[in-house]
Amino acid sequence: MLNFEQTPLTATEARVLATLMEKARTVPDSYPLTLNSLQSGCNQKSSREPVMNLSEDEIAQAIDGLRERSLVFESSGGRTARYEHNFERAVGLPSQAAALLGLLLLRGPQTAGELRLNAERWHRFADIGSVEVFLEELQQRSPEKGGPLVVKLERAPGAREQRWAQLLCGPVDAQAAVASASPIKTGAGTSGELQALAERVTALEALVAELQQRLEAAGA
């Protein structure tokens, strides 16, 4: 069984793996992904925290590392190499838990409510309670299964809910993570209004990126 505490993912490996997990669910018609499509997905400016600018060589190196752990494999057939993830089988997780981990890898720490909203196109959770059940199972994962895969962070000053962070990339700097969640202070509007606007912009940017990837896949 994979143990991410002993052999954590690099930031590049995490981005490559999570992008494959995302595209498998959101654009199944163009999945598995070519190296070019995978690069576009990894370097998206929407729905990514942090935004990255990875080269093909960096992505290819990350793929090699993920293949060694059976997390990614190359699809057979076709003139162009395509890649797909094997996360759920390799780690031994249900698809709902895998969706939450993929979102945490892509977007950084989030509350259960944010995860439910962001998971809409990955998996529809009935309510926040169902999200929390899977998160708690991931946090209580036994050493025999590889240990915990998420951690619940302390509540940030002024925040209503605690956020969750993934542990696939190693231990989390709890203090830095809490500090990054400090509420926005501005006279232009409330933090809730700004959050809603940001979510609408993110959704539109993600739609444009996926349409672009479909066009690239059709021309490949």
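The values are calculated or read from the model by the stated rules, or taken from the named source; none is laboratory data. All values derive from a computational prediction rather than experimental measurement. Every residue, glycine as well, gets a Cβ built from its backbone with ideal geometry; the counts of neighbours run over all protein chains shown. Surface areas here come from the heavy atoms of the whole protein model, side chains and all, with no ligands, DNA or RNA. Shrake-Rupley method; radii C 1.70, N 1.55, O 1.52, S 1.80 Å.
Is it true that G189 is open to solvent by less than 40 Å² (accessible area, probe 1.4 Å), on the phi > 0 side of the Ramachandran plot and modelled with pLDDT under 95?
Values: open to solvent by less than 40 Å² (accessible area, probe 1.4 Å): yes; on the phi > 0 side of the Ramachandran plot: yes; modelled with pLDDT under 95: yes.
So G189 fits the description; yes.
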Members of segment 38-79 found to be of a type in the set (V, I, T) and in a loop (DSSP other than H, G, I, E, B), listed by number: V51
Here the qualifying pairs (Cβ atoms under 8 Å; residues six or more apart or on different chains; first in segment 46-71 and in the same structural domain as N36 (by the TED database); second in a loop (DSSP other than H, G, I, E, B) and open to solvent by 50 Å² or more (accessible area, probe 1.4 Å)) come out as V51/K45; A62/T10; G65/T10; R69/T7
Looking at (1) under 25 Å from A11 (Cβ atoms); (2) modelled with pLDDT of 95 or more; (3) part of a loop (DSSP other than H, G, I, E, B), which is the one condition that is false for F134? (3)
Does at least one position in segment 146-155 carry a residue that is modelled with pLDDT of 95 or more, part of a helix (DSSP H, G or I) and within 21 Å of the chain's Cα centre (by Cα)? no
Identify, please: which residue in segment 23-74 is touching a Ser or Thr at 6+ places or on another chain (Cβ under 8 Å) and charged (D, E, K, R) and is, among those, surrounded by the most Cβ atoms within 10 Å (Cβ to Cβ)? K23
Need pairs with beta-carbon distance below 6 Å; first residue farther than 13 Å from L54 by Cβ and in contact (Cβ under 8 Å) with a residue 40 or more places away in the chain and within segment 1-24, second in a loop (DSSP other than H, G, I, E, B) and aromatic (F, W, Y); sequence gap 6+ or separate chains. K23/Y31; A24/Y31
Kindly provide the set of residues from segment 76-91 that are modelled with pLDDT under 95 and surrounded by 14 or more Cβ atoms within 10 Å (Cβ to Cβ), ordered by number. A81
Conditions (1) within 25 Å of L33 (Cβ to Cβ); (2) in contact (Cβ under 8 Å) with a residue 60 or more places away in the chain: number failed by E144: (1)
